[in-house]
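Q: The structure that follows is given in the form of structure tokens.
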Amino acid sequence: MAKKFETALVQAGRNPTKQYGFVNPKLTRGSTVLYPDMATKLATGKHILEPVDIYGLCGNETHFALEAAIAGIEGGSHAQVTSSGLSAITVPLLAYLKAGDHLLVPDSVYGPTRTFCDGLLRRYGVDTSYYDPMVSAKALRALFKPNTRVLFTESPGSHTFEVQDIPALAEVAHAAGAKVFLDNTWGIHHFQPFTKGVDVSIQALTKYPGGHSDIILGAVVVNTEEDWRWLRLGALELGNYASPDDCWLALRGLRTLHIRLKAQEAAGLQVARWLAERPEVARVLHPALPSCPGHELFLRDFTGSCGLFGVAFQPEFSAAAVVAMINSLKLFGIGASWGGYESLVLPTTGTIHRSEGTGAFEGNMARFHIGLENVDDLIGDLEQGLAVLRTA
Ligand SMILES: Cc1ncc(COP(=O)(O)O)c(C=O)c1O
């Protein structure tokens, strides 16, 4: 019988017989691995695609424990930990693409992904085109070129939360001989990438898996031996791994991922629905609400949500008024990232870059992340914040 999510999280990456009986996997730090003789060293070096202690930069038991756990959550066969969520995006792009290739990226992509595509990737001869995240399969087909190697997706999109039709878009990409990458950070656990046509799934472990705003970490998950070769060898060529201390903290975070995600999903929905009823709000961009583009795809493809969503205020409220409201909030920290235990807010108008004209909603916008505080306290804080918005 397949283990349910909660059970899998409790058991993932643990092997008490290798841990001197202790409950948790060991935290192993190290660079040099010593071998008893040259024959053993030469034999070990052949296992670069396997979780074997070869040299610190090829990972150790702490990395391998986390990788096994993340592969399980994503439903893939192999995972590679990387030094950040952003490097979980850049490493597979560099591993799979070469000069002369073309890449398709949604207009709603996480900003630093766009910066990487327009900067380093372009300098290395890879050409990126951006597409409307709500593109139909037919319209997407027309955007493919003979040299398009990767269709990048991010669902829901950063800041504007458009939910993409991943299975339909993946079908087009595969017919054109391209790989499908998905930044699945928002959809962790609730979107199973490999049952929906994704080849390479990306997780910023900094967010919900870490859960305590104290690590920067990423993971890339694949589901075939061929993809594992591309990913693993690319990551090793780039020398990109992560501190075992951060991996250990991520493993610790995973044990409570289920209850944090459940609580933050419920609280996020409660706050989002409350905001949707407010006269100051034009639209709540939460995939579980009908006002979000792609809501019907969310209902079809996801089993739940998390605590991150956007809000477009009525056009009568200026960007300065939204900032005044944000400054007045007592329980929402002003800061980037999300997935921790604390609530956060950021004004998003003017901070997001779109080249294809998508993501323009009614008024000035903000992004909220709902933490583990009491929901009535959060709503009370927002209520006084909206009073500031009205009078600013
Ligand atoms: C959707 C998404 N992907 C990737 C990242 C990058 O994660 P990290 O901060 O670990 O580099 C972020 C960070 O905010 C994100 O929101």
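Q: If I compute solvent accessible area with a 1.4 Å probe over the protein chains, what percent of it on the stretch 8-94 is carbon and sulfur?
A: Ligands and nucleic acids excluded, carbon and sulfur give 62 percent.
Q: State to the nearest 20 debye the size of the charge dipole of the chain about its Cα centre, where the only charges are +1 on K and R beta carbons and -1 on D and E beta carbons.
A: 620 debye
Q: Order of 142-148, 76-82 by packing, highest average Cβ count within 10 Å first?
A: 76-82, 142-148
Q: Report the local net charge at Thr7: Lys and Arg +1, Asp and Glu -1, summed over other residues whose C-beta lies under 14 Å from its C-beta.
A: Surrounding charge for Thr7 is +3.
Q: Using the Karplus equation 6.51 cos²θ - 1.76 cosθ + 1.60 (θ = phi - 60°), what ³J(HN,Hα) coupling, rounded to whole Hz, does each residue of the stretch 237-254 give in order, writing x for Gly and Pro?
A: 4, 7, x, 9, 9, 8, 5, x, 4, 5, 4, 5, 5, 5, 4, 5, x, 4
Q: What ranking do 27-39, 180-192 get when scored by the average of other Cβ atoms within 10 Å per residue, highest first?
A: Averaged packing, sorted descending, gives the order 180-192, 27-39.
Q: Work out from phi, with θ = phi - 60° and the Karplus expression 6.51 cos²θ - 1.76 cosθ + 1.60, the ³J(HN,Hα) of each residue of the stretch 194-202, listed in order in whole Hz, and give x for Gly and Pro.
A: Listing the rounded values in order: 7, 8, 10, x, 7, 9, 9, 10, 10 Hz.
Q: Taking amide H positions as placed 1.01 Å from N in the peptide plane, with prolines and chain starts having none, which residues 5 or more places from Leu285, or on another chain, fall under 5 Å of its amide H?
A: Sorted by chain and number, the residues that satisfy this are Gly310, Val311, Ala312.
Q: With charges set only on the Cβ (+1 for Lys and Arg, -1 for Asp and Glu), what does the dipole of the stretch 84-192 come to about its Cα centre, in debye to the nearest 20?
A: Computed about the Cα centre, the dipole is about 400 debye.
Q: Now for a different question. Rounded to the nearest 5, what % of the DSSP beta bridges within the chain are antiparallel ones?
A: So the antiparallel bridges amount to about 55 percent of the total.
Q: With +1 assigned to the C-beta of every Lys and Arg and -1 to the C-beta of every Asp and Glu, and no other charges, what is the dipole magnitude of the stretch 257-391 about the Cα centre in debye, to the nearest 20?
A: For this selection, approximately 180 debye.
Q: Per residue of the stretch 80-88, what does 6.51 cos²θ - 1.76 cosθ + 1.60 with θ = phi - 60° give for ³J(HN,Hα)? Whole Hz please, x for Gly and Pro, Karplus curve as stated.
A: With the stated coefficients, the stretch 80-88 comes to 10, 6, 10, 6, 7, x, 5, 6, 5 Hz.
Q: GNM, the chain, Cα, under 10 Å: largest mean-square fluctuation among Asp376, Asp227, Asp132?
A: Asp376
Q: Right, next: What residues have an amide H closer than 5 Å to that of Gly335, excluding those fewer than 5 places away on the same chain, when H is modeled at 1.01 Å from N in the peptide plane?
A: So Gly335 has HN proximity to Val345.
Q: Now, a different point. Could you compute the FRET efficiency for Thr17 and Ile334, with r as their C-beta to C-beta distance and R0 at 51 Å, rounded to 0.05?
A: For Thr17 and Ile334, the calculated efficiency is 0.60.
Q: What is the spin-label model distance, in nm, from Ser136 to Gln270 if the labels are put 7 Å beyond Cα along the C-beta direction?
A: 4.2 nm
Q: Could you point to the residue in Gly197, Ala68, Gly253 farthest towards the positive end of the chain's charge dipole, with +1 and -1 charges on the Cβ of Lys/Arg and Asp/Glu respectively?
A: Towards the positive end, the residue furthest out is Ala68.
Q: Right, something else. What is the spin-label model distance, in nm, from Ala387 to Leu238 if the labels are put 7 Å beyond Cα along the C-beta direction?
A: Going by the 7 Å Cα→Cβ label model, 5.0 nm.
Q: While we're looking at this one, here's another question. What nm distance separates the two modelled labels at Asn24 and Tyr341, each placed 7 Å from Cα along Cα→Cβ?
A: Placing both labels 7 Å along Cα→Cβ, they lie 1.4 nm apart.
Q: Principal axis lengths of the chain from Cα atoms, whole Å, largest first?
A: Taking the Cα atoms of the chain, the three principal extents are 76, 53, 40 Å.
Q: What accessible area per residue comes out for the chain, rounded to a whole number of Å², with a 1.4 Å probe?
A: Value for the chain: 42 Å² per residue.
Q: Also: All other residues with a Cβ under 9 Å from the Cβ of Leu331 taken together, and with Lys, Arg as +1 and Asp, Glu as -1, what is their net charge?
A: -3
The values are calculated or read from the model by the stated rules, or taken from the named source; none is laboratory data. Quick caveat, the model's predicted, so the values are computed rather than measured. Positions of Cβ are generated from backbone atoms using ideal geometry, with glycine treated the same way; all protein chains shown enter the neighbour counts. Accessible surface is based on the protein model in full, side chains and every heavy atom, while ligands, DNA and RNA are left aside. Shrake-Rupley method; radii C 1.70, N 1.55, O 1.52, S 1.80 Å.
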